[in-house]
Amino acid sequence: MSMPDSGQPSESGGGGWIVLGVLNEILLKLASQPDLRSLWEEVCSSARWIVPSQRLCVVLGNEGGGARIAARYERGTFEYGAPEGGGVVVDAWMVAALEAQRAAWFKGPWTEARESDLARAWLLAEDPDVVFHVPIQVYKKTIGTMLFALEDQRQIDRKALASATTYALYVGATYTMLKNALDLAAASARLREQNEALERVQIELRLQLDRARAQHEAMLEMSTPIIQVWDSVLTMPVIGTVDGARATRMMDEVLGAIVKHSARFMIVDLTGAQATDASTVEHLLRLFAATRLLGSQCIITGVPAGMVASILEAGGSLEGIPVFSTLKSALEHAMGAIRPKPR
């Protein structure tokens, strides 16, 4: 690809007060509408006061290499981004402008095939005399460039050079601060969304835990039914295994029911109980002992064969506790003790 003649202005002059005035206007407008589109629109529309060009574009370097058109300005009309199909800059002289450390120009005639890059075709549409480029730098690192299409190279005087160089430095600093602020705001927004999502998950988990606890409580209540079969006679069927939580519940329910009904007999039916470990037997033995302490006689029915072995292995004893094979037999025993004996 052929390259047009290029050059660098050798002298610089004043014009800093113009730059500060223009940048002050940009910052005031950005305060009310802080976004990159607004920044580049103000930069492009204000740049004509620095370099007298009616056609210019801003090119930014990509982090992974190459470049892209960030904004374009043509005779009062602003466009954000590149023309359709020309988002990526591949022109050798545009990339060279990105690598430059000082303001310089590319001079026509433009002999390259412009169709190779739509961005270049747009910039060179009116056959400018030169394309003046000024690096946009941050901490001495070139992050982009501003390209001005000029009808006459003589428009680049010492004042324009100094003003454009200073202007580009301030633009680079403003762009970096704004982009960092926008990135931070976006990251904060994402973090808030993540926190809100996490809070929603935590709330749902708490609700599920509450439901599980309520279901567990309901199951405990259903698993420890106490039935009054006669005055001062209560019965409690034990079905399934007895863990620590269930044993505590059974203890509270049984002792409370004995006191409430002034029960003389508490029949514990173990027909449906599953005693496969020593802890279950231990819980039941404590329950039997607590019943006696309240003055109520504990009667046991339907002791499973496996539980007998577990009671013996645990060193427990059912001495003094009436044991029957069926609930019917236990009820007959309790009723016989309650009925007054004939004289």
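The values are calculated or read from the model by the stated rules, or taken from the named source; none is laboratory data. All values reported here derive from a predicted model rather than from experimental measurement. Here the Cβ is made from the backbone with ideal geometry for all residues, glycine too, and neighbour counts use every protein chain on show. For accessibility, only protein heavy atoms count, side chains too; no ligands or nucleic acids. Shrake-Rupley method; radii C 1.70, N 1.55, O 1.52, S 1.80 Å.
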Check your understanding: Highest mean first, what order results for 162-171, 319-328 on Cβ atoms within 10 Å?
Key -> 162-171, 319-328
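By how many nm would the segment from Glu313 to Arg48 grow when fully extended, if each residue of separation counts as 0.36 nm and the alpha-carbon distance is taken off?
Taking 0.36 nm per residue and subtracting the Cα distance, the gain is 85.4 nm.
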Revision key, fill the gap. Under 5 Å from the placed amide H of Gly144, counting only residues 5+ away or on other chains, we find Gly61, Ile136
Point to revise | Sites Arg339 and Ala290, calculated FRET efficiency, Cβ-Cβ separation with R0 35 Å, nearest 0.05 | key: 0.80
Check your understanding: Taking a probe of 1.4 angstrom, what is the accessible area of Arg206 in Å², to the nearest 10?
Key -> 130 Å²
Review point. Once a ≥ b ≥ c are taken as the square roots of the eigenvalues of the Cα gyration tensor of the range 128-199, is the result rounded (a/c under 1.5), prolate (a/b larger than b/c) or oblate (a/b not larger than b/c)?
Key: prolate
Study note, to complete from the structure: Shape call for the range 225-311, from the Cα gyration tensor axes a ≥ b ≥ c (a/c under 1.5 means rounded, otherwise prolate when a/b beats b/c, else oblate), comes out prolate
Practice item. Quick one: which residues, 5 or more positions from Gly81 or on another chain, have an amide H under 5 Å from its amide H? H modelled 1.01 Å from N in the peptide plane, none for Pro or chain starts. Key: Ala71, Arg72
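If I take R0 = 25 Å and measure r between the Cβ atoms of Lys107 and Phe78 in this structure, what FRET efficiency does the formula 1/(1 + (r/R0)^6) give, to the nearest 0.05?
0.40
Just the number, please: carbon plus sulfur as a percent of the accessible area of the range 123-238, 1.4 Å probe, no ligands or DNA/RNA counted.
Roughly 57 percent, rounded to a whole number.
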Revision key, fill the gap. Sorted by chain and then number, the residues having a modelled amide H within less than 5 Å of the amide H of Phe324, at least 5 places away or on another chain, are Ile300, Thr301, Gly302
Review point. Can you run phi through the Karplus equation (6.51, -1.76, 1.60; θ = phi - 60°) for the range 122-136 and list ³J(HN,Hα) in whole Hz, with x for Gly and Pro?
Key: 5, 5, 9, 4, 9, 6, x, 5, 9, 10, 8, 10, 10, x, 9
Exercise for review: Give, as a single signed number, the net charge of other residues whose beta carbon lies under 14 Å from the beta carbon of Lys260, with Lys and Arg counted +1 and Asp and Glu -1.
Suggested key: -2
Revision key, fill the gap. For the pair Lys260 and Ala197, the simple spin-label estimate (label points 7 Å beyond Cα toward Cβ) gives in nm 4.9 nm
Point to revise | Note, ³J(HN,Hα) from phi for the range 278-292, Karplus 6.51, -1.76, 1.60, rounded to Hz, x at Gly and Pro | key: 5, 5, 4, 4, 4, 4, 5, 5, 5, 5, 4, 5, 5, 4, 5
Revision key, fill the gap. Taking a ≥ b ≥ c as the square roots of the Cα gyration tensor eigenvalues, with a/c under 1.5 meaning rounded and otherwise prolate when a/b beats b/c or oblate if not, the range 172-274 comes out prolate
